[in-house]
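What follows is a short report on a single structure.
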Amino acid sequence: MNSSRTLACVIALLAPIAFAASAQAEDQLKVAIGQINNWENQAPTLGQEAGIFKKHNLVLESFGTAGAGETMQPVISGSADLGAGVGVAGVMRAFARGAPVRILLPAFTGTGDLYWYVKADSPLKTVKDITAANTIAYSTSGSSSNNLVLAFADELGVKAKPTATGGPPATLTQVMSGQIDIGWAAPPFGVKELKEGKIRILIRGSDVPSLRGQTVRTIIVNADALKSKRDQIMRFVQGYREAVDWMYADPKAIKMYADKMKLDEGLIADSIKEFHPKAALQTDEMMDIAGIQKDAVKLKFIDAPLSKDQLAELIQIPPRK
């Protein structure tokens, strides 16, 4: 009897220690995510909820930002290890100015997920109706929406004044209140309003020929974190890739996302099919790097193309295991 009680006491004492050791085995990484509710940025958050990163002994502390400009700042300062959904041109600009950022993975290739819209009763019916008196939204400086708005002017002749409006919810408020003429969004945000006839799509990101095949958004990493936390970062890469595969293979992912967004599963599934094909979320290669460099110079993000050595330092995509 005494032996049993003694054993029970020992087990009770050791249990918290064993739990603490287990918790310590899970390394923490901080991830800043531009437009955290967008489907293409869900691998860190849904993957965390589904236990995918736990398999790699990782706990992700993710937080949202209004766009690439706000995402890069905590990564540059070191208060975040990683940043998700960051426009490539903005990363190149920061890197060229000496910021300690590196591209770890491509996050989105193509521009078919972004669209620009107006109120249903807007007098703007086509791109040709847009004048210099109009305003057109983008999230933050250096974002892919910023890049596209500049490309609209350069390639489509859009004369509207570019205006930073933050994320889709804040942008919609400004459009509906008349503060901004042309808003920007990424599905599933705005899909409900489109179906209800409250807004109309005026321009799609895919309307810009030069950007259709380019990788436009990336996962970035703090250069010091890449050195000091390399093992953890490589485990993050494995988990991220597994999470993307899972998002397109398991219907549970769409249900989890629909529940989070408080939207109909069917609407979410249709939105993903139309705007977010899995190929767009490939994580193996920066597509059309020559075009990326050319556009980054043309749109004045960088003064000159990065050299071969600079690109090798900037882009550090681990090979898939």
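The values are calculated or read from the model by the stated rules, or taken from the named source; none is laboratory data. From a predicted model like this one, the values you see are computed outputs, not experimental measurements. All Cβ positions, even for glycine, are placed from backbone atoms using ideal geometry, and neighbour counts span all protein chains on display. Ligands, DNA and RNA are stripped out before the accessible areas are found, and what is left, the full protein with its side chains, is counted by its heavy atoms. Shrake-Rupley method; radii C 1.70, N 1.55, O 1.52, S 1.80 Å.
Per-structure values
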| quantity | calculated |
| --- | --- |
| Charge dipole (debye, nearest 20) of the chain; +1 at Cβ of Lys and Arg, -1 at Cβ of Asp and Glu | 120 debye |
| With DNA, RNA and ligands ignored, accessible area of Ile130 (1.4 Å probe; Å², nearest 10) | 10 Å² |
| Between the stretch 297-321 and the stretch 104-159, the Cα center-to-center distance that results, in Å | 24 Å |
| Hz values of 3J(HN,Hα) by residue in the stretch 263-276 - Karplus curve (6.51, -1.76, 1.60), Gly and Pro given as x | 10, 5, 4, x, 4, 5, 4, 5, 4, 5, 4, 7, 10, 10 |
| Karplus (6.51, -1.76, 1.60) ³J(HN,Hα), θ = phi - 60°, over the stretch 228-244, in Hz, Gly and Pro reported as x | 7, 10, 4, 4, 5, 5, 5, 5, 4, 4, 4, x, 4, 5, 5, 5, 4 |
| Too-long pairs where the Cα-Cα distance tops 18 Å, listed order kept, from Lys125/Lys273; Lys119/Lys198; Lys119/Lys260; Lys119/Lys192 | Lys125/Lys273; Lys119/Lys260 |
| Farthest toward positive dipole pole in the chain [+1 Lys/Arg, -1 Asp/Glu at C-beta], among Ile201, Leu60, Leu114 | Leu60 |
| Largest-first ordering by accessible area, 1.4 Å probe, given options His276, His56 | His56, His276 |
| Total formal charge among the other residues, if their Cβ is under 15 angstrom from that of Val158, Lys/Arg +1 and Asp/Glu -1 | 0 |
| Average accessible area per residue (Å²) across the chain - probe 1.4 Å, nucleic acids and ligands excluded | 45 Å² |
| Dimensionless Rg/Rh of the chain - Kirkwood Rh, Rg from C-alpha atoms | 1.06 |
| Residues with amide H under 5 Å from that of Val101, placed H, sequence gap 5 or more | Ala223 |
| Inter-centroid distance (Cα atoms) of the stretch 177-202 relative to the stretch 218-263, Å | 28 Å |
